[in-house]
Amino acid sequence: MLKGNTTFERNSPVSVFIYYACVVVPVIFTMNPVIIALSLIGSIISSFAGREHTSVRFHIYMLILFVVMTAANPLFYHNGETVLFVMNNNPITLEAAIYGAISATAVISVLYRSRSFTLYMTSDRLLYLFSILSSKAALILTMALRYVPLYTRHTRCVADAQRAAGLYKERNIIDDIKGGMRVFSATATWALEYGIVTAASMEARGYGVGRRTRYSPFTFGHRDIVLTAISLMLFAVIITAGATGSFSFTFYPRIEASPASTLAFAAYTSYGVLSFLPAILTIIEDVRWKYLVQKI
Amino acid sequence: MEILSAKNLSFTYPGEDTPALSNINFSVSEGEFVAVCGATGSGKSTLLSLLKREVAPMGKMTGEIFYRSTPLSSMNHKDSAFKIGYVTQRPEQQIVTDKVWHELSFALENMGLPSDEIRRRVAEVACFFGIEDLFDRRTDELSGGQKQLLNLAAVVVTRPDILILDEPTAQLDPIAASDFITMLKKLHRELSMTIIIAEHRLEEIIPASDSLLVMEGGRIIVFGKTRTIAASLRTNPRMLLGMPAAVRIYSELAVDGEDKDVACPLTVREGRDYILNNFRQDIKVRKVPEYTHKKDEALSFRDVYLRYSRDSDDVLRALSLTVYEGELFCIVGGNGSGKTTALLAASGLRKFYSGSIKVFGRDIRSYKNGSLYSGCLSMLPQDVDTLFLCSTVADELRDAGTDVDSLPFEFPKATLDRHPYDISGGEKQLLGLAKLLATHPWLLLLDEPTKGLDAWYKTKIGDVLRSLTASGITVVVVTHDIEFAAAYADRCALFFRGSVVSSDVPHKFFAENSFYTTSAARMVRGIYDGAITADDVIALCRANGRRNESKRSLLTGVGVT
């Protein structure tokens, strides 16, 4: 059973969006194993902390994906100087195998993050983000979102009605196709009719009489300022380190890391905090709540 | 103070010869609650839509409508959009956005209000309407009644002076309709909103209204204080048909003009007082011919259980029910009690997981390849529009393989060239019936055939169904309309939580219920037994005769000089 992500429930979509951007972007642009490992562990722990009720099946899929991606890379890429063995006249190298494992880890950690993100980012939150860019486009999107379930339901009603009225035969596939066509054409007519009433209702409520403003129940509060500040600060450290090449990492022809430096260490720490942030926030709240309960 | 008025207003739809409205003159004062009534096609909807410029239909209009002495046509866009609120009868189609909060703020966004102001107004209105719990819900998950309340709230949020409502409760069940009307009364009483409402369901609107505007053939025939107008309708039988039971009883019994000094009763309570004060109670019971059903079963449920998904609750629980051949059987009950689901199960559209359903003595699962739907059973869905596919009514009939002349009832021929979506609700029901009858069913299942119909069309549908049962067809009707069930059913069943809690012939069924019963039955509870329709009450009052003057004075203790 899927439930929403609870960590950021009370945050504005803007700050949450910034957080996810900050945490995902480094993983996409680096192949540093430390960053990527932190990303994977952080994303999994955070998804548990966020009480996302991830099904076992999802974890299994991720594991399969990891194995496949790790195995696939050395089979197709033969760069690297440490040859493990030769298969069909192609060398299988250690470097390619490690590269495969690390890139698989990166992809899986991003998938875990995306999952948390989509659980949080329900349609109205997404629309809110969208409406910052364009209020009109957001309105069109919200109307479209409304129509999808309506059409689905109406199509079923029409199919039922036509069937139970004995208006179409269902003896063979041709009959079925004809029946489907009837249902489709009835739904299309209905949708047009429906649209006219909705349009009139919009106009009756003053759509288009002047400049529209944008209202949303989401506010950018104290929590959001804190979250955004932390995200951006940590992100800045990582970017600085990344730009100066402090944690660059090369695989081919042989695995080579840039020498350890304070900046690299700062970047790892920053990314660690960033990656575990949802879990940290949840734990702080849990502790605070327990403390409160004790007082009560 | 006058807030809205029409001067010499006439209107003709494009391509029509006869005007839809002719020479309309009226004036509504601030804070007035006006009920507009009239049969289908009397021009009510046209008039109401002309009062709101944004939804006014295309056509030729002469004369002028004034809002606070400004002609409607020269009002600025903002005033016209936000000072006059408009709600139609389609709960679903009026909703624009996907979330309740967004729907409430939609008009305010259009007004260009700042975010804080919108937040306050939305909160205010949500509180006033008691819909705070729905605030975060998706609009497509709401019930019809909740949708219509949301539509009202979404209009009221701009603080209009006038609310125009075109049959807002036509698609709602009685409980939801009653909630809606209560909300209108609250808006009228507490915010002194001017309300102009057209309705077919007048039982509750009439007592709430200050004045009554009666339309016929595109003209206003009378407009004035509700009680006076209601009392004067006795010369107009078609209009009287739609009036509350109390008004009908009064009008029928006061033909000779004896009751000049007695005010026309509007509510059930007033009607009861009127009967108690004016009629004797010597004959208590109205004789009704005993009803015996045929032996053969047309449709039977035995311990049927049905649920929509593995994790949901049972919608039908141990449903057992038998409908005999040639019966007109009405199923009544609250929303979500499983009435419609029972019909869907009986028509093989939803699978039950336990029990058995038999159609004409044969297990429903043994009907293969749609043989159930040819020459056996046919269902008219709640949304009758879902049956229509063609661009004219004539094509619809041809598509089903029938024509006007072979129908067992009289079909309105004037509609043949029109689009099936453009004909009236009553005509749609007749067209739906016509299409169903083309497959020669022996069992007809009808879901809410009287929804949104005016009183005259209800009797028309009732008569058609009667004639069908007389020809041997079994008819099962699911309805919220207990007045209809009382007048036409052979037997009735009450659904509650997925099974039948009682079933009987109407005059016993409705006489035994004290809440879930007709207004006529509530009016004469304890006075007369077994009277369930206004006609029953009228017949009993006639049979009993009036109290004479001396008797009345003895009873009330007031001397008449």
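The values are calculated or read from the model by the stated rules, or taken from the named source; none is laboratory data. Owing to the predicted nature of the structure, the values given are computational and were not obtained by experimental measurement. Please note: Cβ atoms are built from the backbone with ideal geometry, for glycine as well, and neighbour counts cover all protein chains shown. Please note that ligands, DNA and RNA were not included when accessible areas were found on the heavy atoms of the full protein model with its side chains. Shrake-Rupley method; radii C 1.70, N 1.55, O 1.52, S 1.80 Å.
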Mean shadow area of the protein assembly as shown, taken as a quarter of the surface of its Cα convex hull (nm²): 49.4 nm²
Counting alpha carbon pairs within less than 8 Å and at least 6 residues apart, what relative contact order, in whole percent, applies to segment A:62-144? 24 percent
Only Lys, Arg, Asp and Glu count, each charged at its Cβ (+1, +1, -1, -1), so figure out the dipole size of the protein assembly as shown about its Cα centre, rounded to 20 debye. 1080 debye
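For segment B:166-223, give the magnitude of the charge dipole about the Cα centre (Cβ charges: +1 Lys/Arg, -1 Asp/Glu; no others), in debye to the nearest 20. Each step should come with its number before you reach the end.
Details: 5 positive and 10 negative charges, 39 e Å.
Value, rounded to 20: 180 debye.
Using only helices, what value at 222 nm comes out for chain A when you add -39,500 (n - 2.57) per DSSP H run of length 4 or more and divide by the total residues, to the nearest 500 deg cm²/dmol?
Values: 9 runs with 211 residues, N = 296.
When only DSSP H runs of four or more count, the value is -25000 deg cm²/dmol.
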Average projected area [Cα convex hull, chain B], square nanometres: 28.9 nm²
Among A:129, A:180, A:151, flag the residue with its Cα farthest along the positive direction of the charge dipole of segment A:127-204, charges on Cβ as +1 for Lys/Arg and -1 for Asp/Glu. A:180
What is the angle, in °, between the Cα long axis of helix A:135-164 and the longest principal axis of the Cα atoms in chain A? Nearest 10 is fine, range 0 to 90. 60 degrees
Under the Karplus relation with 6.51, -1.76 and 1.60 and θ = phi - 60°, whole-Hz ³J(HN,Hα) for segment A:113-130, x at Gly and Pro, equal 4, 4, 5, 4, 4, 5, 5, 6, 7, 6, 4, 6, 6, 4, 5, 4, 4, 5
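Test of understanding: what is the full-extension gain from residue B:419 to residue B:221, defined as 0.36 nm times their sequence separation minus their Cα-Cα distance? Walk me through the intermediate numbers first.
Working: separation 198, 0.36 × 198 = 71.28 nm, distance 2.99 nm.
Taking 0.36 nm per residue and subtracting the Cα distance, the gain is 68.3 nm.
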For segment B:37-104, report the convex hull volume of the alpha-carbon atoms normalised per residue, in Å³, without decimals. 136 Å³
P(r) tail for chain A, what percent of Cα pairs lie past 34 Å? 47 percent
Along each of its three principal axes, how wide is the spread of alpha-carbon positions in segment B:312-404, in whole angstrom units, largest first? 43, 30, 27
Beta bridge orientation in the protein assembly as shown: antiparallel %, DSSP, nearest 5: 55 percent
Kirkwood-type radius of segment A:147-274, with distances r between different C-alpha atoms, in Å: 21.7 Å
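Restricting things to alpha carbons, find the Rg to Rh ratio for segment A:127-204 using the Kirkwood radius for Rh. Write down the numbers at each step before the final one.
Values: Rg = 17.0 Å, Rh = 14.7 Å.
Reported Rg/Rh (Cα atoms, Kirkwood Rh): 1.16.
So if the hydrodynamic radius of segment B:365-436 is defined as the Kirkwood radius over C-alpha pairs, what does Stokes-Einstein give as its diffusion coefficient at 10 °C and 1.306 mPa s, in µm² per second? It would help to have the intermediate numbers written out before the result.
On the way: Rh = 12.9 Å.
My calculation gives 123 µm²/s for D.
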Take peptide B:86-96, look around each residue's Cβ out to 10 angstrom, count Cβ atoms belonging to other protein chains, and average those counts. 5
With θ set to phi - 60°, apply the Karplus curve 6.51 cos²θ - 1.76 cosθ + 1.60 along segment A:52-58 and write out the HN-Hα couplings as whole Hz, x wherever there is a Gly or Pro. 8, 6, 5, 6, 4, 4, 4
What average count of beta carbons from other chains do you get within 10 Å of the Cβ of residues in A:131-143? 2
Taking 7 Å along the Cα-to-C-beta vector as the label spot, tell me the residue A:88-residue A:111 distance in nanometres, rounded to one decimal. 2.4 nm
Take the Cβ-Cβ distance between residue B:320 and residue A:285 as r, set R0 to 56 Å, and report the resulting FRET efficiency rounded to the nearest 0.05. 0.55
Please give the FRET efficiency for residue B:123 paired with residue B:17, using the beta carbon to beta carbon distance and R0 = 41 Å, rounded to the nearest 0.05. 0.20
Whole-Å distance linking the alpha carbon centroid of segment B:321-393 with that of segment A:247-278 is 68 Å
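Give the relative contact order (percent, whole number) for segment B:60-203; include only Cα pairs under 8 Å separated by 6+ residues. Provide the component values of the computation, followed by the final result.
Values: 175 pairs, mean separation 44.2, N = 144.
Relative CO of segment B:60-203 lands at 31 percent.
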What angle do you read, to the nearest 10 degrees and between 0 and 90, between the alpha-carbon axis of helix A:33-49 and the longest principal axis of chain A? 40 degrees
Find how much the distance from residue A:143 to residue A:29 grows on full extension, using 0.36 nm per residue of separation minus their present alpha carbon separation; answer in nm with one decimal. 37.4 nm
Among A:165, A:141, A:197, whose Cα lies farthest out toward the positive end of the dipole of segment A:127-204, if unit charges sit on the beta carbon of Lys, Arg (+1) and Asp, Glu (-1)? A:165
Regarding segment B:79-234, what whole-number volume in Å³ per residue does the convex hull of its Cα atoms give? 121 Å³
Segment B:399-556, Rg to Rh (Cα coordinates; Rh as Kirkwood inverse mean 1/r): 1.08
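Using only the Cα atoms of segment B:183-331, construct the convex hull and provide its projected area averaged over every direction, in square nanometres to one decimal. Kindly include the intermediate steps, with their values, before the conclusion.
Working: hull surface 65.8 nm².
Mean projected area of the Cα convex hull: 16.4 nm².
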Mean residue ellipticity at 222 nm from the helices of chain B, using -39,500 (n - 2.57) per DSSP H segment of n ≥ 4 over the full residue count, to the nearest 500 deg cm²/dmol? -10000 deg cm²/dmol
Would you please state which residues of segment B:376-405 a label at residue B:312 would reach in this model, taking the label point 7 Å out along Cα→Cβ and a backbone N cut-off of under 19 Å? B:381-383
Mind ranking B:442, B:456, A:190, A:289 by accessible surface for me, highest first, 1.4 Å probe? A:289, B:442, B:456, A:190
Let's see if you can work this out: charge +1 on each Lys and Arg Cβ, -1 on each Asp and Glu Cβ, no other charges. What is the dipole magnitude of segment A:127-204 about its Cα centre, in debye to the nearest 20? 140 debye
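Rounded to the nearest 5, what % of the DSSP beta bridges within segment B:60-217 are antiparallel ones?
Values: 3 of 12 bridges.
Bridges in segment B:60-217 are about 25 percent antiparallel.
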Please sort B:136-148, B:61-73, A:155-167 by packing, taking for each peptide the average over its residues of neighbouring beta carbons within 10 angstrom, highest first. A:155-167, B:136-148, B:61-73
Quick check: Cα centre of segment B:219-297 to Cα centre of segment B:27-102, how many Å? 33 Å
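Averaged across B:70-77, how many Cβ atoms of other chains sit within 10 Å of each residue's Cβ atom? Numbers along the way, then the final one.
Values: counts 0, 0, 0, 0, 0, 0, 1, 4.
Average per residue, whole number: 1.
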Can you grab the distance from the C-alpha centre of segment B:430-473 to the C-alpha centre of segment B:103-163, Å, no decimals? 39 Å
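Which links in B:186/B:428; B:351/B:451; B:435/B:460; B:339/B:428; B:44/B:83 stretch past 29 Å when you go from one Cα to the other? Please report the intermediate quantities before stating the final value.
Values: B:186/B:428 34 Å; B:351/B:451 27 Å; B:435/B:460 17 Å; B:339/B:428 22 Å; B:44/B:83 21 Å.
Where the Cα-Cα span goes over 29 Å, the pairs concerned are B:186/B:428.
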Give me the percent of accessible area attributable to carbon and sulfur for chain B, probe 1.4 angstrom. 50 percent
Explain nothing, just the number: relative contact order of chain B, from Cα pairs under 8 Å at least 6 residues apart, as a whole percent. 14 percent
Place a label point 7 angstrom from the Cα of residue A:236 along the Cα-to-Cβ direction, then list the residues of segment A:9-26 whose backbone nitrogen is under 18 Å away. A:15, A:18-23, A:26
Suppose R0 equals 25 Å. What FRET efficiency, 1/(1 + (r/R0)^6) with r the Cβ-Cβ distance, do residue B:467 and residue B:539 give to the nearest 0.05? 0.60
For residue B:224, enumerate residues with amide H under 5 Å from its amide H, sequence gap 5+ or separate chain, H modeled in the peptide plane. B:212
According to a simple spin-label model (label point 7 Å from Cα along Cα-to-Cβ), what is the distance in nm between residue B:232 and residue B:2? 1.9 nm
